[in-house]
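The structure under discussion appears below in the form of C-alpha cells.
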Amino acid sequence: MDLSQLPQQIVNGLMLGGVYVMVAVAFTLIIGMLNFLNFTVPALFMLAAVLMWAILEGHGIALDLTAIAVLLVLAMMVADRLQQARLPPPVKTVGALGLVAGACVFLWLTLSFRPGPAVFAWLDGAVGAGGRWFLGIVVALATVAVLSLLIERFTYRYMKAKYGDATEHALPLVSSLGFLIVIEHTVISTWGSDALTTESPFGNASFEVGPVLFSVPQLLSLILSLAIVFGLSVMLKTTKLGRALRSIAERPDTAPLMGVEVGRIVPVVYVIAGLLCATAGILFTINYTTVDAYIGDTVATVAIAGMVLGGLGNVWGAIVGAMLIGMVEVMSIYMVGATFKKIPIWGLLLLILIVRPTGLFGHTAIGKGKF
Amino acid sequence: MSGYLESQLIILCLNVIYAYGIFLPAASGQLNLGAAGFITIGAYSSAWINASGAPMYIAIPASMLFCAAIAFTIAFPILRTRGVYMVLATFAFAEVVAGLIINLEFLGAAAGYPVESHADYLVVVPVTILVVLLCFFLMSTRLGLAMRSIHDDEAVATLFGVDVRLAKVAAFTLGAALMSLGGALYGHHYNYIETQTFNVLLSIYILLYVLLGGTQTAWGPLVGAAFFTVVPEALRQIATASGHAWIADSRFIFFGAIIVLMMVFRPEGLVTRTMVDRAATPFGGGRSGAAPAARTA
Amino acid sequence: MADNVLSIEGLHKSFGGLKVIDDVGFAVKRGSRTALIGPNGAGKTTVFNLLTGVYPVDEGTMVLDGRDITRVPAKDRVIFGMSRSFQNIRLMPHLSTVENVMLGQHARARRLGDLLYPLGLMPGNRWARAAKEALEDAGLETYPGQVVANLPYGVQKRIEVVRAMISQPKLLLLDEPAAGLNQVEAQQLLALLEKVSASGVTLLVVEHDMHFVHNLCDHVAVLNFGKKIFEGTPAQVNDDPLVREAYLGSDTSMAGQQNAAPAAGAADAP
C-alpha cells in the first residue's frame with residue numbers, strides 16, 4: 001500500500017464527510033424531537049440539488065414546480081384556518097370548494113403562462129451569469145422550506161396516534177416514504193432518471209498544500225457546512241427555541257404544560273431540517289456538477305449511518321459520526337476497493353445498534369419506544 | 001396463459017410472498033426494513049445449492065432453512081432493539097448482506113449469478129397459495145392471537161403468560177424463511193440474480209405493502225401487495241391504451257400521494273379486523289356501530 | 001397461617017436511591033377480600049407490579065399458594081394462579097372483546113396443539129365458547145366486529161375482570177377497579193366481584209374509594225411511604241391513629257364515607 005497518498009485520502013474523507021454532515025444533522029433533529037426516521041430528508045436534498053441544476057441550465061419548468069409547491073402549501077394554510085374558524089358547516093364547504101377552484105385556476109394560469117423563459121432572459125440580460133446562481137439558490141431554498149411545511153402537516157400535525165401500539169410509531173415514517181416517492185418521481189417524470197450535468201463556476205480551481213490537493217468548492221462547502229451546523233448547535237444550546245425543542249424531545253406530552261407551543265415549534269424544526277438538506281443539495285450541485293433523481297438515497301444511507309454512530313438525536317454526535325463515516329468510506333475504498341465499502345460501514349452500524357444503541361457518545365433522551 | 005399475464009402473475013406472487021415475510025414480524029409489532037437482505041440470502045443460497053448439484057426441490061427448502069438459521073441467530077440481538085432502532089438495525093443488516101455478496105467471487109460478485117433450474121408459474125403460483133394459506137392458518141391460532149397481543153401491549157401479554165420473546169423470534173424467523181422462499185423463487189424464475197435487484201427500495205416497498213394493507217389480519221399483506229402491484233401496472237396499461245403517456249409517468253406520484261393520504265385517513269391499513277369480522281357475519285354483524293354491548297346486569 | 005393464598009415477607013424495592021417498598025409483609029387468607037389502601041405514592045401499585053413480576057424484587061419473599069414465586073418470571077406467574085386487572089384499562093385495542101378474553105386463556109393453553117389450534121377458523125371451538133359464556137355470565141354480550149375502545153369505561157373494566165378470571169386464578173389482583181366509574185357502573189362491577197368472590201377466588205384490591213372498600217372487602221392493609229402501617233378489618237381502620245395521620249386532612253371525608261357504608265351495604269345484600 002502506498003502510504004504517501006494517506007494525507008490526501010484523509011482530506012478527501014473530511015470533504016466527503018462535510019456533505020454528509022448537514023444531511024445527518026437534518027435526520028437527527030427530527031429523530032431527536034419526534035422520534036421518527038424522516039425519509040423526506042433525502043428527497044429534499046435531491047430536490048434542492050436538481051432545482052439548482054435546472055435553474056443553472058435554464059429549465060423554466062423548475063419555476064413552475066416551485067409555484068405549484070407554494071400554491072399547495074398556501075392552500076393547506078388557508079384550509080387549516082378555515083377549519084379552525086367558527087363558521088357554520090355550509091360556509092366551510094363553500095369555502096373549501098372555492099379554495100379548490102381557486103387553486104385550479106392558479107395552476108392553470110401558471111401552466112399556461114410559463115414564466116420561466118422570460119425570467120431567464122431578463123435575468124441573463126440584467127444581472128449576467130451570477131443571476132442564475134442567485135436565483136437557483138433562492139428557488140431551491142424557498143421550495144424546500146415551503147415543502148417542509150407541507151410535510152410537517154402530513155407527518156406530524158394531522159397524525160392521530162390512537163392506541164400507541166407498535167406499528168403506530170411507523171405512521172410518520174410511512175408518510176415520509178410516500179413523500180419520498182412523490183418527490184423522486186416528480187423529478188423523474190420531469191427530467192428523467194439519467195445523470196444531469198452542468199458546469200461549475202469554479203472550474204477546476206484548486207490549490208496544493210505540500211502533497212495535498214484541495215479543491216476550492218469542496219473546501220468552501222466543508223467550511224460552510226461546518227459553520228452552519230456549528231451555528232445551529234450553538235443556537236440549540238442558548239436560545240429559547242433550542243430550550244423548547246429539547247423539552248419537546250424529552251417530554252412531548254408535558255412540554256405544552258410548561259408553556260412550550262409545540263404547534264409552533266415543530267414546523268420551525270421541519271423548516272430548519274429542510275433548509276439544511278437544501279443547502280447540502282445546493283453545495284452538492286456546485287461540487288460535483290452532476291446530479292440525478294437518486295443522489296438522495298445514496299447520501300442519506302451514509303448520513304443515517306453517521307447519525308447512528310453519533311447517537312440518535314445528538315447534533316454533535318451526528319457531526320462527528322458523519323465525518324467519521326466519510327473517512328471510513330474513503331479509507332475502505334482506498335485500502336480494499338469500492339465494492340467493499342458497505343461491509344465496514346454497515347457492519348459497524350449494526351454492531352453499534354445492538355451493543356450500544358445510544359451511539360458512541362451516549363446521552364440521548366429519545367428512541368426508547370414504548371415503556 | 002399469455003406471456004404478459006404470466007409475467008405479471010409471477011411478480012404479484014413474489015410480492016405476496018415477500019409481504020407475508022414482513023407481515024409476520026409486523027403483526028407482532030416489529031418493523032423489519034431488512035427484507036432485501038433475507039431475499040438476497042434466499043436467492044443466492046438456493047442458486048448456489050442448485051449449482052452444486054442438488055435439484056431445485058431440495059435447494060429451495062434448504063435455502064429457507066439456511067435463512068431461518070441466520071434469522072434465528074440475529075433475532076436475539078436485533079429484537080432487543082425497538083421502534084426506530086429496529087428499523088435501522090434490520091436496514092443495516094440488509095446492507096451488510098448486500099456488501100458481503102458483492103465481494104464473494106464464487107457467487108459472481110458484482111457481475112451477478114446465473115441460476116440453473118427454472119421455476120415457471122406452475123411452481124410459483126401453488127407455492128404462493130400455500131404460503132397464503134399457511135399465514136391465514138397461523139394468524140387464526142392462539143400463537144397468532146399472542147402475536148397480535150404483543151403488537152398491542154407487550155407488558156400485558158407477558159402477564160397473561162405469553163412468552164413474548166419466543167413469539168417474536170418465531171415470527172421473525174418464519175418471516176425470514178418466507179422471504180428466502182420468495183428470493184429463491186425469484187432466482188429460479190428469472191434464472192439470473194444480482195444484488196442490485198434486492199436494494200433498499202425493495203425493502204421499503206415491501207414494508208409499505210404490509211403497512212398499507214394492514215397488520216391486523218392476514219388479509220392485509222395480500223390486499224396490500226395485490227393493490228400496489230396491480231394498480232400501477234393497470235395505470236401503465238391505461239396510459240398505453242389511451243395514448244396519454246403522462247399517466248404512466250406520473251403514476252408513482254399518485255401512488256406516493258395515496259400513501260401520504262392513507263396515513264392520515266386510514267392509518268390502520270386497508271383491511272382492519274373489524275371489517276373482516278363484519279364481512280364474515282353479514283347478518284349478525286355491524287349492530288348499530290359502536291353501541292354499548294352491556295345488558296343491564 | 002396455613003391457609004394463606006398469598007404471603008409476603010420482608011419485601012424491599014428501591015428505584016435509584018428511593019425506597020419505594022420498605023420491609024412490607026402481609027398475608028392474604030384464602031377466600032378473603034383484602035384491600036390494600038394508602039395515600040398516593042404509598043407504593044400500592046408497586047406491590048402489584050412486584051407480585052406480578054413487572055419489576056424484580058430487591059429483597060424478600062412472595063409465596064403464592066405454598067409456592068415461592070419470588071424468582072419466577074412474569075409470564076409464568078399466571079400459571080401458578082394469579083392474574084390482575086390494571087389501573088388504566090389495558091385491553092388490547094385491536095382485538096375483539098372475545099379475543100381479549102381468550103388472551104386470558106393463554107396460560108391454560110400450554111401444549112403445542114393448543115397453540116396451533118385454528119381458533120379463528122373454527123367459530124364454535126371450546127375456547128371461544130368458554131370466553132363468550134364467561135362474558136355472558138358477567139352480563140356482557142358481544143357482536144362481531146366490536147371495537148373494545150368504543151365500549152363504555154365501566155364495560156371495559158368488567159371485560160378486564162372477565163379476562164383475568166378466565167385464567168382461573170386463585171388470587172385476583174384488582175388495581176383501582178372503581179376508579180373513573182359512575183355510581184351505576186360501580187354497582188355493576190361490585191356485583192360481578194361479589195360473584196367472583198363467591199366462586200372461591202381470593203381478591204386483593206388496591207382502591208382509593210373507601211366506600212367501595214367498605215362494601216367489598218373484609219380485610220384491609222394500609223401502606224404509607226412504602227411501609228405497612230396497619231392491618232385489620234375495615235371497621236377498625238378509621239380508628240387507627242397511624243392511618244388517621246397518614247390520611248391527615250382527609251380523615252373527615254373518610255368518616256363521612258363510613259357513615260354512608262351501612263346503607264349501601266344493605267342494598268347489596270342478596
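The values are calculated or read from the model by the stated rules, or taken from the named source; none is laboratory data. Because the structure is predicted, anything quoted here is derived from the model rather than measured. Neighbour counts run over all protein chains shown; Cβ positions are idealised from the backbone, glycine included.
Here is a yes/no grid of residues against (1) farther than 30 Å from C:Gln183 by Cα; (2) free of Cβ contacts under 8 Å to residues at least 24 places away in the same chain:
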site: C:Pro73; (1), (2): yes, yes
site: C:Phe80; (1), (2): yes, yes
site: C:Thr97; (1), (2): no, no
site: C:Arg108; (1), (2): yes, no
site: C:Leu116; (1), (2): yes, yes
site: C:Gly124; (1), (2): yes, yes
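Just checking, does region C:36-57 include any residue being out of contact with any helix residue (DSSP H, G or I) (no Cβ under 9 Å at 6 or more places or on another chain), surrounded by fewer than 21 Cβ atoms within 10 Å (Cβ to Cβ) and among the basic types (Lys, Arg)?
No; the residues of region C:36-57 include none that is out of contact with any helix residue (DSSP H, G or I) (no Cβ under 9 Å at 6 or more places or on another chain), surrounded by fewer than 21 Cβ atoms within 10 Å (Cβ to Cβ) and among the basic types (Lys, Arg).
Are any residues in region A:142-169 surrounded by fewer than 24 Cβ atoms within 10 Å (Cβ to Cβ), within 11 Å of chain B (Cβ to nearest Cβ) and either under 16 Å from the mean Cα position of the chain (by Cα) or among the aliphatic types (A, V, I, L, M) (or both), and if so, which ones?
A:Leu150, A:Met159, A:Ala161
Out of curiosity, is B:Ala157 among the aliphatic types (A, V, I, L, M) and surrounded by fewer than 23 Cβ atoms within 10 Å (Cβ to Cβ)? It would help to see each step written out before you state the result.
Numbers: among the aliphatic types (A, V, I, L, M): yes; surrounded by fewer than 23 Cβ atoms within 10 Å (Cβ to Cβ): no.
Judged against the criteria, B:Ala157 is not a match.
Here are some residues: C:Val148, C:Val184, C:Val161. Which one is surrounded by 15 or more Cβ atoms within 10 Å (Cβ to Cβ), in contact with a Ser or Thr (Cβ under 9 Å, 6 or more places away or on another chain) and within 10 Å of another protein chain (Cβ to nearest Cβ)? Outline the logic, then answer.
Details: C:Val184 fails: surrounded by 15 or more Cβ atoms within 10 Å (Cβ to Cβ); C:Val161 fails: within 10 Å of another protein chain (Cβ to nearest Cβ).
Testing whether each residue is surrounded by 15 or more Cβ atoms within 10 Å (Cβ to Cβ), in contact with a Ser or Thr (Cβ under 9 Å, 6 or more places away or on another chain) and within 10 Å of another protein chain (Cβ to nearest Cβ) leaves just C:Val148.
Could you please tell me which pairs satisfy a Cβ distance under 8 Å, a separation of 6+ or placement on different chains, a first residue in region C:221-238 that is more than 15 Å from C:Ser7 (Cα to Cα), and a second residue that is in a strand (DSSP E or B) and among the acidic types (Asp, Glu)?
Correct list of pairs: C:Val222/C:Glu231; C:Phe225/C:Asp22; C:Gly226/C:Asp22; C:Lys227/C:Asp22; C:Lys227/C:Asp23.
Take region B:191-226 and flag every residue that is surrounded by fewer than 16 Cβ atoms within 10 Å (Cβ to Cβ) and modelled with pLDDT of 90 or more.
Scanning region B:191-226 gives B:Asn191, B:Tyr192.
Exactly one condition in (1) crowded, with 23+ Cβ neighbours inside 10 Å; (2) of a type in the set (Ser, Thr, Tyr); (3) more than 26 Å from A:Leu34 (Cβ to Cβ) is not met by A:Thr279; state its number.
(3)
For region C:1-43, name all the residues that are in a strand (DSSP E or B) and either of a type in the set (D, E, K, R) or free of Cβ contacts under 8 Å to residues at least 24 places away in the same chain (or both). If you could, list the steps in order and put the result at the bottom.
From region C:1-43, those in a strand (DSSP E or B) are C:4-15, C:18-29, C:33-37; that's our starting set.
Selection gives C:Glu9, C:Lys13, C:Phe15, C:Leu18, C:Lys19, C:Asp22, C:Asp23, C:Lys29, C:Arg33.
Any idea which of (1) closer than 28 Å to C:Met82 by Cα; (2) in contact with a helix residue (DSSP H, G or I) (Cβ under 8 Å, 6 or more places away or on another chain); (3) without any contact (Cβ under 8 Å) to a residue 60 or more places away in the chain; (4) small (Gly, Ala, Ser) is the one B:Ala167 doesn't satisfy?
Every listed condition holds for B:Ala167 apart from (3).
For every residue, the table says whether it meets (1) β-branched (Val, Ile, Thr); (2) touching a Leu at 6+ places or on another chain (Cβ under 6 Å); (3) outside the structural domain of A:Ile31 (by TED's automatic domain parsing); (4) without any contact (Cβ under 8 Å) to a residue 24 or more places away in the chain.
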| site | (1), (2), (3), (4) |
| --- | --- |
| A:Ser148 | no, no, no, no |
| A:Phe154 | no, no, no, no |
| A:Lys160 | no, no, no, yes |
| A:Tyr163 | no, no, no, yes |
| A:Ser176 | no, no, no, no |
| A:Thr186 | yes, no, no, no |
| A:Ala195 | no, no, no, no |
| A:Val212 | yes, no, no, no |
| A:Val234 | yes, no, no, yes |
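Can you tell me how many residues in region C:59-115 are part of a loop (DSSP other than H, G, I, E, B), more than 27 Å from B:Thr272 (Cα to Cα), of a type in the set (A, V, I, L, M, F, W, C) and within 11 Å of chain B (Cβ to nearest Cβ)?
3
Residues are listed down the side, and each one gets a yes or a no for (1) touching a Phe, Trp or Tyr at 6+ places or on another chain (Cβ under 9 Å); (2) buried (at least 24 other Cβ atoms within 10 Å of the Cβ); (3) more than 20 Å from A:Trp346 (Cβ to Cβ); (4) free of Cβ contacts under 8 Å to residues at least 24 places away in the same chain:
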{"position": "B:Ile10", "(1), (2), (3), (4)": "yes, no, yes, no"}
{"position": "B:Gly34", "(1), (2), (3), (4)": "yes, yes, no, no"}
{"position": "B:Thr40", "(1), (2), (3), (4)": "yes, yes, no, no"}
{"position": "B:Pro61", "(1), (2), (3), (4)": "no, no, yes, yes"}
{"position": "B:Thr81", "(1), (2), (3), (4)": "no, no, no, yes"}
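Out of region C:183-239, which residues are within 15 Å of C:Ala35 (Cβ to Cβ) and part of a loop (DSSP other than H, G, I, E, B)?
Result: C:Glu207, C:His208, C:Asp209, C:Cys217, C:Asp218, C:Thr233, C:Asn238.
State whether one or more residues within region C:193-207 are at pLDDT below 90, of a type outside the set (Gly, Ala, Ser) and out of contact with any His (no Cβ under 8 Å at 6 or more places or on another chain).
Yes, because at least one residue in region C:193-207 is at pLDDT below 90, of a type outside the set (Gly, Ala, Ser) and out of contact with any His (no Cβ under 8 Å at 6 or more places or on another chain).
Pull up region B:68-101, narrow it to residues that are under 15 Å from B:Ala171 (Cα atoms) and among the polar types (S, T, N, Q), then point me to the one that is farthest from the other protein chains (Cβ to nearest Cβ).
B:Thr73
Which members of region B:210-252 meet the condition of being of a type in the set (Phe, Trp, Tyr) and under 30 Å from B:Gly175 (Cβ atoms)? Quick ask: steps written out before the conclusion?
Filtering region B:210-252 for residues of a type in the set (Phe, Trp, Tyr) gives B:219, B:227-228, B:246, B:252.
If the condition is that a residue be of a type in the set (Phe, Trp, Tyr) and under 30 Å from B:Gly175 (Cβ atoms), then B:Trp219, B:Phe227, B:Phe228, B:Phe252 are the ones that fit.
Could you check, for region C:133-140, whether at least one of its residues is within 11 Å of chain B (Cβ to nearest Cβ) and part of a loop (DSSP other than H, G, I, E, B)? Outline the logic, then answer.
Taking region C:133-140 as the starting set, the residues that turn out to be within 11 Å of chain B (Cβ to nearest Cβ) are C:135-140.
Now drop any that are not part of a loop (DSSP other than H, G, I, E, B), which leaves C:138-139.
Scanning region C:133-140, I find at least one residue that is within 11 Å of chain B (Cβ to nearest Cβ) and part of a loop (DSSP other than H, G, I, E, B), so the answer is yes.
List the number of the failed condition for A:Ala195; all other conditions in (1) closer than 30 Å to B:Leu201 by Cβ; (2) within 17 Å of the chain's Cα centre (by Cα); (3) hydrophobic (A, V, I, L, M, F, W, C) hold.
It is condition (2) that A:Ala195 fails.
Within the bounds of region B:59-67, is there any residue that is under 17 Å from B:Val123 (Cβ atoms), more than 14 Å from chain A (Cβ to nearest Cβ) and out of contact with any helix residue (DSSP H, G or I) (no Cβ under 6 Å at 6 or more places or on another chain)?
Looking for residues that are under 17 Å from B:Val123 (Cβ atoms), more than 14 Å from chain A (Cβ to nearest Cβ) and out of contact with any helix residue (DSSP H, G or I) (no Cβ under 6 Å at 6 or more places or on another chain), one finds at least one in region B:59-67, hence yes.
Taking helices (runs of 4 or more DSSP H) that fall entirely within region B:102-187, which contain at least 3 residues that are under 26 Å from B:Ala62 (Cβ atoms), modelled with pLDDT of 95 or more and hydrophobic (A, V, I, L, M, F, W, C)?
Values: elements: B:121-140, B:142-152, B:154-159.
The helices (runs of 4 or more DSSP H) meeting that bar are B:121-140.
Hey, among the residues in region B:148-179 that are within 23 Å of the chain's Cα centre (by Cα) and β-branched (Val, Ile, Thr), which one's nearest to C:Ala149 (Cα to Cα)?
Taking the candidates together, the pick is B:Ile150.
Report yes if some residue within region A:308-318 is at pLDDT 80 or above, part of a helix (DSSP H, G or I), buried (at least 19 other Cβ atoms within 10 Å of the Cβ) and away from every other protein chain (no Cβ under 14 Å); otherwise report no.
Yes, region A:308-318 has at least one match.
Quick one: in region B:102-147, which of the residues that are within 10 Å of another protein chain (Cβ to nearest Cβ) and β-branched (Val, Ile, Thr) is farthest from the chain's Cα centre (by Cα)? Break it down into steps so the answer makes sense when it comes.
Within region B:102-147, the subset within 10 Å of another protein chain (Cβ to nearest Cβ) is B:102-103, B:109-110, B:136-146.
Within this subset, residues satisfying the condition of being β-branched (Val, Ile, Thr) are B:102, B:141.
Numbers: B:Ile102: 24, B:Thr141: 20 Å.
It comes out as B:Ile102.
Out of all the residues in region A:117-132, is one or more surrounded by 13 or more Cβ atoms within 10 Å (Cβ to Cβ), at pLDDT below 80 and not in a helix (DSSP H, G or I)?
yes
Quick check on my filter: what residues within region C:96-143 are aromatic (Phe, Trp, Tyr) and closer than 30 Å to C:Ala186 by Cβ?
Going through region C:96-143, the residues aromatic (Phe, Trp, Tyr) turn out to be C:117, C:127, C:143.
Selection gives C:Tyr143 alone.
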